[in-house]
Amino acid sequence: MKHSGIKRVLFVSYLFPPTGGVGVHRVSKFVKYLPEFGWNSSVLTVSNASVPLHDESLVRDIPAGTLIRRARTYEPGYAVKAAVSGGQAAGRGLRQIAKGLLRRAANTALQPDSQILWHPQAWRTGVKLLKDVPHQAIIATGPPFSSFLLGARLSRKFGLPLILDYRDEWTISNAYWENKGQGWLARAVQHRQQAHVLRAARAILATTPGSAAEIGRLAREVGSQASTYFIYNGFDPDDYPEFTGGPRETAGRRFRLAFIGTLWNLNSIEPVVQAMLQLASRAPQLAAELELLVAGRRTAEQEQLLDQLHGTPIQVTRQPFVSHDEAIRLMQSADSLLMLNSDLPQTQRIINAKTFEYMAARRPMFVVAPPGDVWNIVQDLPGTVLCPPGDVGQIAEKLLMQLEMFRCQGDWTAGAYWNIARFERRHLAGELADLLNRVLLPGLILHVPEERHFPSTEETGCPE
């Protein structure tokens, strides 16, 4: 698709390749595909990111016309952060007390997050870029939510419309992120910071319908005139080997249930472990045909939960964080892909970014999550299993059914139709380009589109 009069948008994004992890893909894929819709991109990002994960393979997505400006942060390296994190082994010694005091002091002083230490250099770099090269809009993406403050400041100085891209909700992140314990002062400061950026925005973007509605409610509450919209996360077909749809060889191997991603309190594997313990007790012969594969970062608490499966017939395979290419290979090797959301307040609005990559792998999903936005978009996909996290007995029963179907039918979803084109990254970049074009028109009222559902597909079962 060719466009005349191409425009340029600045992304303010702390996370950007070669930083790894799922939070990187949203911006990098927008940057990849926006030129097809008349928008080139610039990216203001960090040069020495204090993060645990790096993945050089992600750099290949960035088109040649992208202007990337990197600024140093004054944050300590990630190893230093990890040394004082709450995820370390508990203890009562002076060292643990000192770590706790240091962590609380940092959480109080660095608002809204430690990435605020990136701002002095990032501000100077961003100002120079915007003076040197004409831009039509700014998109600030978070977390970290300090990027919103930087985007709002640049927007005000240069008179450019600002879009806030909430990859996660600010309140949910504060409630559940590791090492984010906050006192009343930090909560009060961040409430004012969020109100400030909401009022500075021309439009607000979320990743799910529920999040868009909630952030829109908050925006109206603080007097923001911005309209809210949602654009899902998605998948890039370029990342996936061509799917033939043919049957997979199943004879002589275990049924592989795979989880690819980070295991922590927001997507705890505890209900699945408890269900597997029930399964191993009730049907040990079938349990011996099950492999649980987990790949990615895991907190110490989640490792301890997996340890409970030692001594059962179930094979547990643990891998560390892997590159995006390897993660896709593991997804495609699975017989079913495990999706987890903990049953906690507000989590019904979360759709993990990996959900869409699971779709692209065209493997059935075993979803253990509270009913909500994620159920709505996967419930009619081939082979989907839905279980609430609080019903361990139901999880165990559906695992048993999966194993029986695998034994009698093998790959029962071979040749199924996957209606997932609307989640392709190219299509979603087109939605963002449309939003960018709209924010350039003063006075235009945006809206939150209604959610659509997939057409139904028939359930398959094991013949009697």
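Read-outs throughout are calculated quantities, based only on the coordinates presented, and are distinct from any laboratory measurement. In this text the structure is predicted, and so the values were computed from the model without any measurement. Glycine gets a Cβ as well: all are built from the backbone with ideal geometry, and neighbour counts include every protein chain shown.
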*Would you please give the residues with an amide H less than 5 Å from that of residue 299, counting only those at least 5 places away or on a separate chain, with H modeled from the backbone geometry?*
263
_What does the C-alpha gyration tensor say about the overall shape of region 243-409? Classify as rounded when a/c is under 1.5, otherwise prolate if a/b is larger than b/c, or oblate._
rounded
*Long-range amide H contacts for residue 317: which residues qualify at under 5 Å (H placed 1.01 Å from N, peptide plane, sequence gap of 5 or more or a different chain)?*
292, 293, 294
*Residue by residue, what Karplus-based ³J(HN,Hα) values in Hz, rounded to whole numbers, does region 162-167 have, using 6.51, -1.76 and 1.60 with θ = phi - 60° and x for Gly and Pro?*
10, 10, 9, 9, 7, 5
*asked:* From the phi angles alone, apply the Karplus equation (6.51, -1.76, 1.60; θ = phi - 60°) to region 379-396 and give each ³J(HN,Hα) in whole Hz, x where the residue is Gly or Pro.
replied: 5, 9, 6, x, x, 5, 10, 10, 9, x, x, x, 10, 4, x, 5, 4, 4
*asked:* Could you work out how much longer the chain between residue 319 and residue 128 gets when fully extended? Use 0.36 nm per residue separation minus the Cα distance between them, nm to one decimal.
replied: 64.4 nm
*In sequence order, calculated HN-Hα J values of region 199-215 (Karplus, 6.51, -1.76, 1.60; Hz; x Gly/Pro)*: 6, 7, 7, 8, 8, 10, 10, 10, 9, 9, x, x, 5, 4, 5, 5, 5
*Provide the FRET efficiency to the nearest 0.05 for the residue 281-residue 60 pair, computing r from the beta carbons and using R0 = 41 Å.*
0.30
*How about region 247-354: which GluC sites (Glu not before Pro) there lie in a loop by DSSP and see at most 13 other Cβ atoms within 10 Å?*
249
*Let me know the charge dipole size of region 243-409 about its Cα centre in debye, to the nearest 20, where only the beta-carbon of Lys, Arg (+1) and Asp, Glu (-1) is charged.*
320 debye
*Tell me, 31, 127 in order of fewest to most beta-carbon neighbours within 10 Å?*
127, 31
*State which entries of 32/157; 157/354; 7/131; 7/354 exceed 25 angstrom in Cα-Cα distance in the structure shown.*
32/157; 157/354; 7/354
*Sequence-distant or interchain residues sharing an amide H contact under 5 Å with residue 53, placed H: which?*
20
